[in-house]
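Shown next, in structure tokens, is the structure this report addresses.
The values are calculated or read from the model by the stated rules, or taken from the named source; none is laboratory data. All values derive from a computational prediction rather than experimental measurement. Neighbour counts are summed over all protein chains in view; Cβ atoms, including those assigned to glycine, are modelled from backbone coordinates with ideal geometry. Please note that ligands, DNA and RNA were not included when accessible areas were found on the heavy atoms of the full protein model with its side chains. Shrake-Rupley method; radii C 1.70, N 1.55, O 1.52, S 1.80 Å.
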Amino acid sequence: MTYQTVKTFYTNKNIFLTGGSGFVGVSYIEKVFRSMPDIGNIFILLRPRKGQGIQERLDTIKNNSVFDVIKTSEGFDKLLSKIIPVCGDISEENLGLSDDDFKMLCDNVNIVVHCAATLDFETDLKTAITVNLLGTKRIVELSKKIKNLQCLLHVSSAYVNSNKNYAMEKIYDAPANYNDIINYAQIMDTEKLNSSAEKIMGDHINTYTFTKALAEHVVNDARNIIRTCIVRPSMIVAAWKEPTEGWTVSKNGPQGFIMGASKGVVRRLPVNKSLIYDYIPVDVVINTMIAGTWFSAQLPDSTPTVDGQTPIFHSTTSTCNPFRWNDISSILTTTLHKYPIRGAVWYPNIKFLPNLFMYWISSAIFHFIPAYILDFVTKISGGRPILVRLHKNVNRSLSKLAPFIFNEWKFDNARTLRLQEELSVDDQSIFYIDPTSLNWTPYFINLTLGVRKYLHKESDKTMKQAMKKNFMLMLANTSIQLLVVTGIWYLSSFITGTPFLSNYWAALIVVIFGYIF
């Protein structure tokens, strides 16, 4: 089949975007503006927050670092004027839209991109149903009423099939009837619903994967009424190439722990280094969304589906370019010392532990003891102690995250790789969706630099001061290690009443313990 080029297809198209203030949302807006400046308007669903209306929220989006590359380009202000805020909330009836806004969207929108969701793995079932499932149903209902809709693009997750070790780009049987689940959420007492969550979810890991899986069925059931498409990314991480290498504003996944590791606060992590972890750069996800919409909208009227289902594309790496922490663990700490941050509170040193038991032991010594000391110093200095609370929150979350940490999934992305081949030669270079050429070692170096610049807000100008501080922290860290080893050595000699030198075994035990844990 012959398709228009991607740029031609999107020319003058108006887009309705949910989740526009999030990591994926702002990345999508930036890519569309930079690569397709002839786009029409982008209507963004925004809900007011306490002390912040939708115009203030829009200003925050416009000031996002994602736009740094195109801010100096000619016509940037004109592009930004194409972002139209629409007051609403996916958790409310009719998306919380006014009658005028509802009509305006129905009359003007051509493409709906649904990114909004609650991503918290610890969210209670009632909230997850309201946002992820019922919110998607409301988006589908709106889309059916849009006069000139060409495609509804739903951003799902590869982990909707986390109850399978290997998942294809297709919709599997629903874990429940989504109408029944919505009905439960509307009529059941919240406490009773949440207490029944495990029974309702069956073999799903958490409320997120369960409700996102059901939401796919809502979209798929509309496939013969409107054009639909589903993109399933895995864990979304910093940019590979665009807008700049390593750009990120997300603290999820490896970005979050590298952020903590660079401060010297996170020193141990439970990770099985030999397992495949499916990470996907945000720019590849965005390109897959753009290309997936383009593909689905141009399917012939006689067959608007693929194999009888909504077209599904896995934006994943596990089967085409698998990543294992073994590949880069040796260079991670080195990179943290090569590009230190001025805001470090201790000398960075990250170590991976293969199970939770070893992590709990190590965390008690290398996380909580320093945290209590530093929080005490902070408190008497007039500051706000946060480290103990931070580590307690992390440890409390680990039981929920353990299935994602110690399980390996493979998500087949053969259809997505074929989608790359459907693009024109020019479009393949602009909207690259094939991650097979991604080299993980330089990528994670750039990610670490991105964390330094965009999450820690440290420019290259602070590098010299940061290097000096890193050296001083190294001396302090080494001194404390020597004091601990010598102190335990001496204490063992005192307790046993034997000569100091003959108790070298005590020092050796401490060194071995530190090496293992």
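Annotations for the structure displayed:
- Per residue, the convex hull spanned by the Cα atoms of the range 7-89 measures out at 86 cubic angstrom.
- Helical mean residue ellipticity (222 nm; -39500 (n - 2.57) per DSSP H run of 4+; nearest 500) of the chain: -14000 deg cm²/dmol
- The 1.4 Å probe gives accessible areas that order S262, S459, largest first, as S459, S262.
- Taken about its Cα centre, the range 290-426 carries a charge dipole of roughly 1120 debye when the Cβ of each Lys and Arg holds +1 and the Cβ of each Asp and Glu holds -1.
- Percent accessible area from carbon and sulfur atoms, the range 384-496, protein chains only, probe 1.4 Å: 62
- Electrostatic dipole magnitude of the range 409-472 [Cβ: Lys, Arg +1; Asp, Glu -1; Cα centre; debye, to 20]: 800
- Quotient of C-alpha Rg and 2.2 N^0.38 Å, computed over the range 292-432: 1.62
- Under the membrane-span-like helix rule (DSSP H runs whose alpha carbons stretch at least 30 Å along the helix axis, mean Kyte-Doolittle hydropathy -0.5 or higher), the chain yields 463-496.
- Cα shape, the range 378-477, gyration tensor, a/c 1.5 rule: oblate
- Pairs of Cα atoms farther than 38 Å apart, the chain, %: 33
- Note on V265: accessible area is roughly 20 Å² with a 1.4 Å probe, heavy atoms of protein only.
- The P(r) of the range 382-427 has a tail past 13 Å containing 74 percent of all C-alpha pairs.
- 10 °C / 1.306 mPa s Stokes-Einstein diffusion coefficient of the range 253-333, Kirkwood radius on C-alpha pairs, µm²/s: 101
- Whole-number accessible area per residue in Å² for the range 82-226, which is evaluated in the context of all protein chains at 1.4 Å: 43
- In the distance distribution for the range 89-194, Cα-Cα pairs more than 16 Å apart total 66 percent.
- Check: the chain dipole with +1 on Lys, Arg Cβ and -1 on Asp, Glu Cβ, in debye: 1840
- With every protein chain in place, the range 184-248: carbon and sulfur % of accessible area (1.4 Å): 45
- Accessible area per residue was computed with a 1.4 Å probe on protein heavy atoms; L491 scores about 90 Å².
- Counted by Cβ distance under 12 Å from D412, the other residues give a net charge of +4, where Lys and Arg count +1 and Asp and Glu count -1.
- Only lysine pairs 8 or more places apart, or on different chains, with alpha-carbon atoms under 25 angstrom apart are counted in the range 82-163, and they number 11.
- Tensor-based shape of the range 138-197 (alpha-carbon gyration tensor, a/c under 1.5 rounded, otherwise prolate or oblate): oblate
- Cα-only Debye scattering, the range 178-258: base-10 log of I(q)/I(0) at q = 0.14, 0.15 Å⁻¹: -0.75, -0.81
- Peptide packing for 423-435, 211-223 was compared via the average number of neighbouring C-beta atoms within 10 Å per residue; ordered from the highest value, the list is 211-223, 423-435.
- Accessible surface of S157, taken over heavy atoms with a 1.4 Å probe and every protein chain present, rounds to 10 Å².
- For the range 208-303, the percent of C-alpha pairs falling in each 10 Å distance bin, counted from 0 to the bin holding the largest distance, reads 13, 30, 31, 17, 7, 1.
- Cα-based shape type of the range 120-247, given that a ≥ b ≥ c are square roots of the gyration tensor eigenvalues and the cut on a/c is 1.5: oblate
- Unsatisfied cross-links (Cα-Cα over 19 Å) in the set K241/K469; K241/K453; K7/K170; K170/K212; K212/K400: K241/K469; K7/K170
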